[in-house]
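Everything below concerns the one structure shown next.
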Amino acid sequence: MKSDSISKLIKELVAIPSQGGVDTCDLMIAAVSAWLKAKRVPFTVIYDQQNRPAAVVATVIGAKAGPIYCLDACLDTATVGDTNKWKYAPFSAQEESGWLYGRGASDSKAAVAIFCHLAAHFQRQRSKLNGTLHVLFDADEHTGRFGGVKEYLAQFPKPAGVMIGYPGKDVISSGARGFFRTEITVHGQSAHSGSSSSPGQNAVVKASALVSQMVAAPLPGADASFALPAKLTVTEMGGGKGYTAVPDVCRVKVDCRLTPAFDAAQARALIVGAAHAIDTAMPTAQATAVVEEESWPPYVLAPQSTLLAALSTAAAEVFGKDVPAKVAGPSNIGNYLAGKGIETICGFGVTYKGLHATDECIELATIAPVLKAYKTAVEILLSAEKK
């Protein structure tokens, strides 16, 4: 496996627009499928409940029975934003001074290319494997539907562990905060803004008081077992229209980041309790409504995790030093998998800049060591003879 071959594939993939919610992933799926077919790697294209292509899954079955482990990287990307702000066109896959630019270069087309090459390598070496390697290429990640990973779990045997190729080689992301999301509808009574006889009840004012109460609530901080604090963020707020009407409704969206010390039940109690308190202090004919959108739990791998030990050992061997395990702030597919009882590493990959931003790029020199670390980790997990 040579870095030049991987770099070539990354460039080909970056040149294919696959923005989640904007472009289809059909061309990405076709490109990855063609590459795997040319290398004689068995694969399946899986579809979601609406018959949309959701993922490509390569399967390498070892000569002997053993556990199933999965490498995971997404085919779709964040959107590009204002293309005029990019140094190079977002899909040009331009190389400069050892860096490769383009949307999706880091998240996660570098990992797709690396994992493609690992699938081909282990397919050739499958006689030395004790177990099965799945390589999941999710085409429905940045949409927020997570259709690829959901269909993978529905259609394939449950893996013992998953390693996600999100970028960054300085730490191994061994956990992440979860989230609890709600939409709150605050009601009032409409009236003319200039009326003195019927002033109405201003839903925006009431919602503002509710927001102040929620953001002032104390939350648990970081501790030795989970190095990030809980967090509550009001992410959207809107109500009223024009200048002459008192708003009779205001909607507020709240994102809570969960930790083991602040779970979904506690987040729910905080928000519902604040809504009840504001209804008591500022009563209206219609009570404040709290609708839960979605929630994923926080997670962190135990220090004795087989998956974490394998990648930690491999990374230390490649880089000549320990690579620390760390909890990630943003939630990700790892939270979903952990909720299904699957050990997950939610980040280790190439060095990058501009993730989800303008001028996204990767450092090409980091491809080879990251490739070697994952190769060694798979060999440890599936008892292959290291070469």
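Here are a few things to note about the model shown:
- Extreme residue, farthest from the chain's Cα centre (by Cα), among residues of segment 216-264 that are among the small types (Gly, Ala, Ser) and not in a loop (DSSP other than H, G, I, E, B): 245
- Filter result for residue 289 (surrounded by fewer than 19 Cβ atoms within 10 Å (Cβ to Cβ), at pLDDT below 95 and outside the structural domain of residue 86 (by TED's automatic domain parsing)): no
- Any chance residue 372 is of a type in the set (Lys, Arg), in the same structural domain as residue 85 (by TED's automatic domain parsing) and part of a helix (DSSP H, G or I): yes
- Test result for residue 357, modelled with pLDDT under 95 and either aromatic (Phe, Trp, Tyr) or not in a loop (DSSP other than H, G, I, E, B) (or both): no
- Of 115, 91, 137, all but one fail to be under 14 Å from the mean Cα position of the chain (by Cα) and in contact (Cβ under 8 Å) with a residue 40 or more places away in the chain; the exception is 137.
- Filter result (under 30 Å from residue 326 (Cα atoms) and acidic (Asp, Glu)) within segment 259-299: 263, 292, 293, 294
- Residue within segment 163-185 that is among the β-branched types (Val, Ile, Thr), assigned to a loop (DSSP other than H, G, I, E, B) and modelled with pLDDT of 95 or more present: yes
Residues checked against (1) loosely packed, with under 15 Cβ neighbours inside 10 Å; (2) of a type in the set (D, E, K, R); (3) over 30 Å from residue 169 (Cα atoms); (4) over 28 Å from the mean Cα position of the chain (by Cα):
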site	(1), (2), (3), (4)
270	no, no, yes, no
281	yes, no, yes, yes
284	no, no, yes, yes
293	yes, yes, yes, no
297	no, no, no, no
300	no, no, no, no
309	no, no, no, no
314	no, no, no, no
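The values are calculated or read from the model by the stated rules, or taken from the named source; none is laboratory data. This one's a predicted model, so the numbers in the text were calculated from it and none came from an experiment. So basically every Cβ, Gly included, is an ideal-geometry build from the backbone, and we count neighbours across all protein chains shown.
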